Amino acid sequence: MKRIVLSIFILCCTLASLANHITGGEMSYTFIGMEGANYKYLVTLKLYRNHFAPAGAAPLDDAASIAVYTSDNVLFVSFNVPRLKIVNLELTTPGACVTNPPSVWYEVGYYEQVITLPASTGGYTVAYQRCCRISGINNISGSNNVGATYTAIIPGNGSLLTGPENNSAHFVGADTVVICADNPFTYSFAASDEDADSLSYSFCSAYRGGSSGNPAPDPPDAPPYQFIPYAGLFNSNAPMGSGVNLNRTTGLITGIAPAEGIYCVTVCVTEYRNGIALATQRKDLQIKVADCTLAAASLRPEYISCDGFTLDYFNLSNSPLINSYFWDFGVPSLTNDTSNIARPSFTYSDTGVYKLKLVTNRGQLCSDSAEALVKVFPGFFPGFISTGICITNPTQFTDTTRTRYGFVDTWKWTFGESTLSEDTSRLQNPSYTYPGLGVKSAMLIVTNSKGCIDTAYKDVTIIDKPPITMVPKDTLICLPDVVQLQAISSGVYSWSPLTNIINANTATPTVSPATTTWYYVDVDDQGCKNRDSARVRVVDHVTLKALPDSTICLGDNAQMNAVTDGLGFQWQPAAYLNDATLINPVATPPATTTFQLTASIGTCSATDAVTIRTVPYPVANAGNDVAICYNASVRLNGSYTGTTFSWSPTSTLDNPLIINPVASPFLSTSYILTVSDNAGCPKPGRDTVLVAVLPKVNAFAGRDTAIVAGQPLQFNASGGSIYLWSPPTGLSSIYIGNPVGIYETAIDSIRYKVIVMNEAGCSDSATVKVKVFITKPQVFVPTAFTPNGDGHNDIVRPIAVGITQIDYFRIYNRWGELVFSTTTNEQGWDGKINGVLQGSNTYVWIVHAIDYTGKTFFSKGTVTLIR
């Protein structure tokens, strides 16, 4: 697979204050040979400076103070080393596939010093320090007050006799690399080793050194060195976030770059010889991530679906230079498992491991491809339960995770104790003793052998007393009954007083007090204690008083009730009640009815009765609904049985005080007749009559028209459902809305009247004039027109007679330019071109049409515009 390196790593200003021109550094050495019993080395310090540092930034130091410390951190020797040379590293061609590429140019200062050291068991540390770094580094807190230390480790002969005869690993990766924010990238921290030692790479913490008061210590401070303070979610193992990783074998950094900014990255390379770790060298760089994009195909290393068969994919690169996509979803038995869209979805038919491939700009400039594994194993359900919520006692957590494929293989618990950082466990079913009260947000991250990972959450409330729920909290019994109490909790139960009680050491004792008594329960849950109580009231009879008798209107509901200390209820007859076991049911009696209530407490009971008298509603009859014509009136025909009546609304009634008023509504109106009486029903009777006002009849006979003799004319009257034409001359029928008229040469013109009615007999009339020409089908066009706005001859238009269709009517000026065109009869030209009035002139017109017999008609002529 081709990989376009997309990395804009701009090594940015490591050192603030007096040294904020330095963007990184490293130290290495070469074993020159023996000088007597001593070992001679050439030590090289490389310091990086951004060529585009702000104006006024200091150049690379002319000299550097380098010190050598023994294994017990004692200064052995120090040197003031002059700068040997400056090498310029410039990226001149970032490539056509990078959008908005930054300028990359570094000045690398070299400082070299030959040192001679005697044999040592523990070896030596060579160090250089400078302060301070620039402000605003994304992954360092207070970076402008944090300096840097660059070191090289020379091994002793304690672990390997030939250890001092060592050439350190030298970093050889290119530093003119570009990294774009939110885009995939690679950056090589690879090193070479002259001794062919085995090399292992790792992210490690950057060292701090120097201070604003002493920016260039001479000599540098002794080890051990403090680590820089990482900010937020960044740390030495994830200096650019969780999306960036380092290959421990090759030293290659890969991943998705974080947001635009500056990041301090330190890589350690450890030399192994014969399985023994000899020395570790470090490269410390401030890396700038730029606001650019790369036209690359970039995927996550792996896609896992544990909750379904459908996955959504998209390219991690958002470069505008990408204009085509080809996806292969990796199903071996299919040839149509592909897509050409930017963000496809694909549903796999079965579980398994598939190889996904993406090709961008296929066969074009900046083409690239990427592959990733897809694991489809739905059916992973994380979960857990917990028991024990009392402080000082352990809470037991039990994993309930289920997986359909593979097996659950790791657990990471966080118990939610915000005051501690050690509230974690890797056990499957751990226990944890919370040190404080409150709601704890426990979390379990769980994985299975297929690669699924998910998280379950649960709030655990830690209390100092076990909770108790009393059922019942307050109850009533009648002698000589008994009642069972219940305390819902956990632990050991102890009830008091012990008189008239059975099973006093259980959650559910039975009591039979002779008088009202408070019973107390004490619960002990492994030393976590609580107390609650329940009252048992005692009576020797049931008190009962039903509500007084009442009157309701027939068909209405009545709310029943009673005053009693009873606990159980039964009403009779039950058929007319919504629930005969309530103390306050709703009754709907069909006639006057006496209801009997029995109230009980255990084996004790009492009875009372109440009568509900029913009286019919007053009778109101507003009459039958009626429909009337627009702007018409109708007399209402109401009747009633009662003492008084009223109509509403009254505004369109001639006399609302009589039972049969005349209604003249403008719109459809519902009139309500309300009747009252004094027979006992407290509510009035009502009835409604709807007077529907039909829409106004708007008769239309059609537009006046002209035809030729013998041409059939189709009429199309509208506005109602019944039609009557007069006179009947030439009409095929006078009783329909669309008769056909045929005229001979004896008729010059005729005007028809049509009466239109709706279903209620409402009517209106309209007329239409027909002019009959004794000629062949023709299109008449005037020879002149005067478009002066006076309303006379302002428009030149075609007047078609005996013509069923005008294909076109066109007017041209003297230069043959089309100035007007229409296919509509009597639609004309107003003498304007693009809204501009034209002067006096002569224009040519032509017309092409179809006459009523189906023959083609063509004519042409001239018309004069007169101003």
Against the definition (in contact with a Leu (Cβ under 8 Å, 6 or more places away or on another chain), of a type outside the set (A, V, I, L, M, F, W, C) and open to solvent by less than 20 Å² (accessible area, probe 1.4 Å)), how does Gly241 come out, yes or no? yes
What about Gly555, is it within 20 Å of Gly602 (Cα to Cα) and not in a strand (DSSP E or B)? no
Working only within the stretch 204-238, note down all residues that are open to solvent by less than 40 Å² (accessible area, probe 1.4 Å) and under 15 Å from Tyr263 (Cα atoms). Cys204, Ser205, Ala206, Ile228, Ala231, Ser236, Ala238
Could you figure out which of (1) open to solvent by less than 50 Å² (accessible area, probe 1.4 Å); (2) farther than 23 Å from Leu75 by Cα isn't true of Tyr128? (2)
Identify the residue in the stretch 660-676 that is open to solvent by less than 40 Å² (accessible area, probe 1.4 Å) and part of a loop (DSSP other than H, G, I, E, B) and, among all such residues, is nearest to Cys553 (Cα to Cα). Pro661
Does Phe809 count as surrounded by 17 or more Cβ atoms within 10 Å (Cβ to Cβ), closer than 25 Å to Lys771 by Cα, of a type outside the set (Val, Ile, Thr) and modelled with pLDDT of 95 or more? yes
Looking at Gly251, is it within 42 Å of the chain's Cα centre (by Cα), at positive phi and at pLDDT 90 or above? yes
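In the set Asp218, Asp291, which member is of a type in the set (D, E, K, R) and farther than 17 Å from Thr149 by Cα?
Asp291
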All-but-one check, Asp61 against (1) open to solvent by less than 80 Å² (accessible area, probe 1.4 Å); (2) at pLDDT 90 or above; (3) touching an Asp or Glu at 6+ places or on another chain (Cβ under 8 Å), failing number (3)
State all residues of the stretch 508-535 that are in a strand (DSSP E or B), open to solvent by 50 Å² or more (accessible area, probe 1.4 Å) and either farther than 28 Å from Pro480 by Cβ or among the charged types (D, E, K, R) (or both); if no residue qualifies, say none. Asp522, Asp524, Lys529, Arg531, Arg535
Just name the residue that is farthest from Leu285 (Cα to Cα) out of those in the stretch 163-184 that are among the aliphatic types (A, V, I, L, M), at pLDDT below 95 and crowded, with 17+ Cβ neighbours inside 10 Å. Ala181
The conditions are (1) surrounded by 14 or more Cβ atoms within 10 Å (Cβ to Cβ); (2) part of a strand (DSSP E or B), and Ala580 fails exactly one of them. Which is it? (2)
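If I filter the stretch 176-193 for residues that are part of a loop (DSSP other than H, G, I, E, B), of a type in the set (S, T, N, Q), under 27 Å from Asn50 (Cβ atoms) and touching a residue at least 24 places away in the same chain (Cβ under 8 Å), do I get at least one hit?
Initially, the stretch 176-193 is screened for residues part of a loop (DSSP other than H, G, I, E, B), giving 176, 179, 181-183, 189-190, 193.
Within this subset, residues satisfying the condition of being of a type in the set (S, T, N, Q) are 176, 183.
After this cut, where a residue has to be under 27 Å from Asn50 (Cβ atoms) as well, the list is 176, 183.
Subsequent filtering for residues that are touching a residue at least 24 places away in the same chain (Cβ under 8 Å) retains 176, 183.
Within the stretch 176-193 (the criterion being part of a loop (DSSP other than H, G, I, E, B), of a type in the set (S, T, N, Q), under 27 Å from Asn50 (Cβ atoms) and touching a residue at least 24 places away in the same chain (Cβ under 8 Å)), the answer is yes, since at least one residue qualifies.
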Report, by residue number, each residue of the stretch 812-856 that is outside any strand (DSSP E or B) and surrounded by 17 or more Cβ atoms within 10 Å (Cβ to Cβ). Asn825, Gly828, Gly831, Tyr852
For the subset of the stretch 391-405 comprising residues that are touching a residue at least 24 places away in the same chain (Cβ under 8 Å) and surrounded by fewer than 16 Cβ atoms within 10 Å (Cβ to Cβ), which member is farthest from the chain's Cα centre (by Cα)? Thr392
Residues of the stretch 561-590 being touching a residue at least 24 places away in the same chain (Cβ under 8 Å), in contact with a strand residue (DSSP E or B) (Cβ under 7 Å, 6 or more places away or on another chain) and not small (Gly, Ala, Ser), which ones? Thr564, Asp565, Leu567, Phe569, Gln570, Trp571, Gln572, Asn584, Pro585, Val586, Pro589
Some residue of the stretch 458-480 being within 30 Å of Pro382 (Cα to Cα), surrounded by 13 or more Cβ atoms within 10 Å (Cβ to Cβ) and at pLDDT 95 or above: yes
Single match in Leu420, Leu437 (criterion: under 30 Å from Tyr520 (Cα atoms), open to solvent by 70 Å² or more (accessible area, probe 1.4 Å) and not polar (S, T, N, Q)): Leu437
Looking at this structure, is Ser605 closer than 28 Å to Ala679 by Cα and either open to solvent by 70 Å² or more (accessible area, probe 1.4 Å) or modelled with pLDDT under 95 (or both)? no
Might you let me know whether the stretch 424-432 holds any residue that is among the charged types (D, E, K, R) and buried (at least 17 other Cβ atoms within 10 Å of the Cβ)? no
Scanning the stretch 652-686 residue by residue, those over 30 Å from Thr614 (Cβ atoms) and either under 56 Å from the mean Cα position of the chain (by Cα) or among the acidic types (Asp, Glu) (or both) turn out to be Asp654, Pro665, Phe666, Leu667, Ser668, Thr669
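The values are calculated or read from the model by the stated rules, or taken from the named source; none is laboratory data. Here the structure is a predicted model, which means the values were calculated and not measured. Positions of Cβ are backbone-derived with ideal geometry, glycine not excepted, and every protein chain shown enters the neighbour counts. We work out accessible area using only protein heavy atoms, side chains counted, and drop any ligands, DNA or RNA first. Shrake-Rupley method; radii C 1.70, N 1.55, O 1.52, S 1.80 Å.
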